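Read through the structure below, which is laid out as structure tokens, and then see the notes.
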Amino acid sequence: MSFLDNAKEVLTEEEFTKLQELQTKSSDFEATPDEEKNLLGLKNSVREKIAQRDKAKNLSFLNGKVYTIAEIITAGGYSDEEIKKYYSEKFPRGANTEVRQYATIKFKDKDGKEVEEAIKTGERISKGAKEAIKKMGVAKFVELITDKAYFIDHVSTPTVGIMANKKVYKHINEQAKRLEFDVEKFKQALGIKA
């Protein structure tokens, strides 16, 4: 396909007419420097639009998920650094973390002042709050939980692996680890039977 055929396909009628006029002037050495710039700009625009069109056509073979992501990455010749950079830009750390308050605790800080702190998922727990939670233990902490459904309702049952056909309480496991509780004791305190 010739350049003009491609240009006709990707440019508007007005742009295409302008391109033809400028090209004729340029070939007859009658174009001013501004017109030469405009011609160059239009030609570059055509090249970019053709590249985008062809890119979509060339990537259409990926429809239907015939190839695995690993095969596509390998065939593309991407380096580990490029993959890591893209992944960190596309999926920034913490971007998908839902912040949800599930408890509020009261404790005395270093100065002896009464402090109230909300315990939330995805956010740091202060040293003072963590120490207070450790002192009160699992049972007392569970009494302070205001959003028990957050722990109890989120259940999955994997079909393969070591947890196959067992209920997995994702949030219980996450928060027990975070609060340095024994997972089984945390489940029992929440009223979940093993």
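Readers should treat all values here as calculations from the given coordinates under stated rules, not as data from a laboratory. Computed from a prediction, not measured in an experiment: that's the story for all the values here. As a convention, Cβ positions derive from the backbone with ideal geometry for all residues, glycine included, and neighbour counts pool all protein chains shown.
Over the chain, DSSP H runs of length four or greater, each weighted -39,500 (n - 2.57), average out per residue to a 222 nm ellipticity of -17500 deg cm²/dmol.
Rounded to 0.05, the FRET efficiency of the Ser79 and Arg47 pair, given R0 = 30 Å and the Cβ-Cβ distance, is 0.65. Ignoring lysines fewer than eight residues from Lys187 along the same chain, the ones with Cα atoms less than 22 angstrom from its Cα are Lys120, Lys130, Lys134, Lys135, Lys140, Lys148, Lys166, Lys167, Lys170, Lys177.
Using a Förster distance of 25 angstrom, determine the FRET efficiency expected from the C-beta separation of Phe61 and Val160, and round it to 0.05.
Numbers: r = 31 Å, r/R0 = 1.25.
That gives a FRET efficiency of 0.20.
Sorted fewest first by neighbouring Cβ atoms within 10 angstrom, Met163, Met136 come out as Met163, Met136. Only lysine pairs 8 or more places apart or on separate chains count here, and in segment 3-90 those with Cα atoms under 16 Å apart total 9.
Does the chain classify as rounded, prolate or oblate by the C-alpha gyration tensor (a ≥ b ≥ c root eigenvalues; a/c under 1.5 gives rounded; else a/b over b/c gives prolate, otherwise oblate)? Note, shape of the chain comes out prolate. Modelled spin-label separation between Glu35 and Val168, with each label point placed 7 Å from Cα along the Cα-to-Cβ direction: 7.0 nm.
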